[in-house]
Amino acid sequence: MKYIIALAFIYGVIFAAVSQENDSSNYNRPFQASVFYPLGTNGLESPKYTNNVSFNLFYGLNGGLKGIEFGGLVNSNLGKVQGAQFAGIANINADKVNGAMFSGITNIAKDSSIIIAAAGISNVLGNSSYGLLAAGISNTTNGDFSGGQFAGITNQNNGAFIGGQFAGITNVNNGDMTGFQAAGISNINAGHLTGAQIGLINRSKKVTGAQIGLVNISDSIKGVPIGLINYVRQGYHSFEFYGSESIYANINFKLGVEKLYTIYKVGYFNNNGENYLTYGLGWGSMTSINDRIKLSLDLSANHIVQHNNNPDLDLLAKGDLNFRFVLNKYIDLFVGPSFNTYVAEYDVDSEAPLLNVPYTFYETDWWNGNGSTSIWIGANAGLGIRF
């Protein structure tokens, strides 16, 4: 089988070179049949003819198609294809295709096409095109594309894109994009994205819309990144140093944009002579009241680290509403109330939680006194440094 395929490609290269001197669309025939080019009804002259119905038992090399073509292994045309091709292995066309291609392994169209193509492994378009591409492994377009690309592993478009890319592993677009990228691992857009990216890792130069994933990276965004790590080069990056009534010393690291940012938290406090560290995660949003005053709302959860690595639950959930006074481009001061809910599971030998709760307006014990939930209103005050 591999020798047949190799011979098919060798014949295709040889006769494609010979036929460059001929206009493959000069002659039309209603039907042709071949076993293996040039063994067929059109013989050596096959590259000169455009056929309405074409049947190739193993490999056929023809001038073009206006109709339908079937191939046991490979269909190859040097001129335009208008219609549908079905091949066990490959459809290979040196000009444009307006119609449909279906093959067990690959479909190739060298020039601009309006196409529906489905292949077991790959679809390759050599120039700007419109249509729908579906492949078990990959779709590649060398130019602008409008439509949809669906691939088991990867889609790549080397130009502007309008439509949607969907891949099991990664989508790549080397130009501006209006539409949607969704992938199991990563989406990469080299230009301006107007739309959305959904994947574990999303990267775009500019975004008007949304990025949704574990890691979102962009130069600028008009919209929101939603994820665990959101880095916008021209976005919001800040360190905050502040204190509260329960956790005395805190550092927040914020990444994203003012509309929506991720918060990474660490803190320290002392209770009954014991020092404790905390860490946490949250999300927040900020809005401007005027040029000098902003209002932020942060929602977060802090886990208290026990010295003996006890897995008991010690979790402080916070809602912080802060008024922020902007001193300059880099520094602001903030102060505001916080809504606190502390859930603690006690050690076997202890009757008190690790966190020193100042007071409560609601408190309840559970698990026969082995845990408690406490709710109170507190306050925060601190300094923010942007970079």
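The values are calculated or read from the model by the stated rules, or taken from the named source; none is laboratory data. This one's a predicted model, so the numbers in the text were calculated from it and none came from an experiment. Here the Cβ is made from the backbone with ideal geometry for all residues, glycine too, and neighbour counts use every protein chain on show.
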From ASP314, ASP291, ASP320, ASP298, grab the single residue that is out of contact with any His (no Cβ under 6 Å at 6 or more places or on another chain), among the charged types (D, E, K, R), at pLDDT below 95 and surrounded by 20 or more Cβ atoms within 10 Å (Cβ to Cβ).
ASP314
Which pairs turn up if I take residues in the range 357-374 that are part of a loop (DSSP other than H, G, I, E, B) and look for partners that are surrounded by 15 or more Cβ atoms within 10 Å (Cβ to Cβ) and among the aliphatic types (A, V, I, L, M) with beta carbon separation below 7 Å, at least 6 apart in sequence or on another chain?
THR360/ILE375; PHE361/ILE375
Going by what's in this entry, would VAL124 be described as under 27 Å from LYS80 (Cα atoms), β-branched (Val, Ile, Thr) and in a strand (DSSP E or B)?
yes
Filtering the range 65-84 down to residues that are of a type outside the set (A, V, I, L, M, F, W, C) and either closer than 20 Å to LEU39 by Cβ or not assigned by TED's automatic domain parsing to the domain that holds SER122 (or both) yields GLU69, GLY71, GLY72, ASN75, SER76, ASN77
If I ask for residues that are within 15 Å of THR106 (Cα to Cα) and among the hydroxyl-bearing types (Ser, Thr, Tyr), which ones from the range 129-162 would you list?
SER138, THR140, THR141, THR154
Expected output for the range 233-247 (first residue within 14 Å of PRO358 (Cα to Cα), partner assigned to a loop (DSSP other than H, G, I, E, B), Cβ below 8 Å, 6+ apart or cross-chain) is GLU245/PRO358; SER246/LEU355; SER246/ASN356; SER246/VAL357; SER246/PRO358; ILE247/LEU355
Pairs, please: C-beta under 8 Å, at least 6 apart or cross-chain, first residue in the same structural domain as LEU299 (by TED's automatic domain parsing) and at pLDDT 85 or above and in the range 341-353, second β-branched (Val, Ile, Thr) and part of a loop (DSSP other than H, G, I, E, B)?
TYR342/VAL357
Which residue out of LEU295, LEU299 is within 20 Å of ILE212 (Cβ to Cβ) and not polar (S, T, N, Q)?
LEU299
May I ask you to list pairs of residues, at least six apart or on different chains, whose Cβ atoms are under 6 Å apart, with the first in the range 32-45 being free of Cβ contacts under 8 Å to residues at least 40 places away in the same chain and the second being β-branched (Val, Ile, Thr)?
GLN32/THR41; ALA33/THR41
Taking the range 111-139, which residues are farther than 15 Å from ASN91 by Cα and either crowded, with 22+ Cβ neighbours inside 10 Å or out of contact with any Gly (no Cβ under 8 Å at 6 or more places or on another chain) (or both)?
SER129, GLY131, SER138
For a quick check of your reading: which strands (runs of 3 or more DSSP E) sit entirely within the range 237-292 and have at least 2 residues that are not assigned by TED's automatic domain parsing to the domain that holds LEU354?
none
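Residues checked against (1) among the β-branched types (Val, Ile, Thr); (2) surrounded by fewer than 21 Cβ atoms within 10 Å (Cβ to Cβ); (3) over 28 Å from the mean Cα position of the chain (by Cα):
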{"site": "GLY223", "(1), (2), (3)": "no, yes, no"}
{"site": "ILE247", "(1), (2), (3)": "yes, no, yes"}
{"site": "ILE251", "(1), (2), (3)": "yes, yes, yes"}
{"site": "TYR261", "(1), (2), (3)": "no, no, no"}
{"site": "LYS265", "(1), (2), (3)": "no, no, no"}
{"site": "GLU274", "(1), (2), (3)": "no, yes, yes"}
If you go through the range 274-304, how many residues are under 14 Å from LYS318 (Cα atoms) and aromatic (Phe, Trp, Tyr)?
2
So ALA134, is it in the same structural domain as VAL74 (by TED's automatic domain parsing), farther than 28 Å from TYR261 by Cα, in a strand (DSSP E or B) and without any contact (Cβ under 8 Å) to a residue 60 or more places away in the chain
yes
